[in-house]
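Visitor: Please see the structure below; I have some questions.
Every read-out reported here was derived from the displayed coordinates using simple, explicitly stated rules and does not represent laboratory data. Keep in mind that what you see is a predicted model, and the values were worked out from it rather than measured. Here Cβ is always computed from backbone atoms with ideal geometry, including for glycine, and neighbour counts include all displayed protein chains.
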Amino acid sequence: LASKQMTKDSVSIRTFRPSDLEQVKSLFIDGMRTSGASEAYIQNSLATDLSSLEDTYLIGRGIFFVEERLEDEKIVGTVGLQDLSAAPHLARVGGGHDNDDDDDDESKKNMCELRRMS
């Protein structure tokens, strides 16, 4: 068996822990500023989606992952999969119907949205 060697660039991908929140927010802010997002957008996101990742992403079948650099346990990436069927207040993403009343229960059950945040 070959032994695993950890390099300074070694990372692991794992599920979000509440103790990750401050690093996730900082990474989001840096990424958004680098991409030219407005300060209003950044502040709105911090006050909504990122104010409670548990309530935004971890309901239903949703999940939120972090990419953690093993050398120093710094979070260097994130990705969230939001279960839209568990969040009825969210607008429908995609689809071909003009009227949500035409959607059957099965299609609503299987809606989700992938959001890469950094």
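Visitor: Amide H of Val76: which non-local residues (sequence gap of 5 or more, or other chain) have their own amide H closer than 5 Å, using H built in the peptide plane?
Guide: Those qualifying (amide H under 5 Å, at least 5 residues apart or on another chain) are Glu67, Glu68, Arg69.
Visitor: Of the listed peptides 57-68, 30-41, 15-26, what is their order by residue-averaged count of other C-beta atoms within 10 Å, with the highest listed first?
Guide: Sorting 57-68, 30-41, 15-26 by mean packing, highest first, produces 57-68, 15-26, 30-41.
Visitor: With θ set to phi - 60°, apply the Karplus curve 6.51 cos²θ - 1.76 cosθ + 1.60 along segment 60-73 and write out the HN-Hα couplings as whole Hz, x wherever there is a Gly or Pro.
Guide: x, 9, x, 7, 10, 10, 10, 9, 10, 6, 5, 4, 10, 6
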